[in-house]
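Contents: one structure, followed by commentary.
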Amino acid sequence: MSDLEISRSETLSRADAAALLRSLADALAADGSEVHLQLGDSKLELKVPDEVRAEVEVEVDGDEVELECELTWSTAGRRGRKSRAAAEPA
């Protein structure tokens, strides 16, 4: 079970869907670790690290196409972790 889940589904025009994705991209690209998002009447503030895991999935089922974009990251912190460059032998 999740500690928290906020979900919103709505029908958008292609232009409005692009604007939603653009606002998410702009929030992620902004300086600082805090990402501010507006989802309808709800405002969210998320702490996002410099690196996230991205997954894009396309599923075609008959005459319906589903495109999912998912970003995940840990909130456990980075203590004790070596960077990828430091962990790889030269």
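If only residues of region 68-90 that are surrounded by 10 or more Cβ atoms within 10 Å (Cβ to Cβ) and either within 22 Å of the chain's Cα centre (by Cα) or closer than 25 Å to residue 27 by Cβ (or both) are counted, the one that is modelled with the lowest pLDDT is 78.
Filtering region 34-50 to residues that are within 21 Å of residue 77 (Cβ to Cβ) and surrounded by 10 or more Cβ atoms within 10 Å (Cβ to Cβ) leaves 34, 35, 44, 46, 47, 48, 49. For region 7-20, the set of residues classified as surrounded by 10 or more Cβ atoms within 10 Å (Cβ to Cβ) and either in a loop (DSSP other than H, G, I, E, B) or touching a residue at least 12 places away in the same chain (Cβ under 8 Å) (or both) consists of 12 only. Within region 22-74, being assigned to a helix (DSSP H, G or I) and either within 16 Å of residue 7 (Cβ to Cβ) or not hydrophobic (A, V, I, L, M, F, W, C) (or both) holds for 22, 23, 24, 26.
The values are calculated or read from the model by the stated rules, or taken from the named source; none is laboratory data. Source: prediction; values computed, not measured. In this analysis, Cβ positions are derived from the backbone assuming ideal geometry, glycine residues included, and neighbour counts consider all displayed protein chains.
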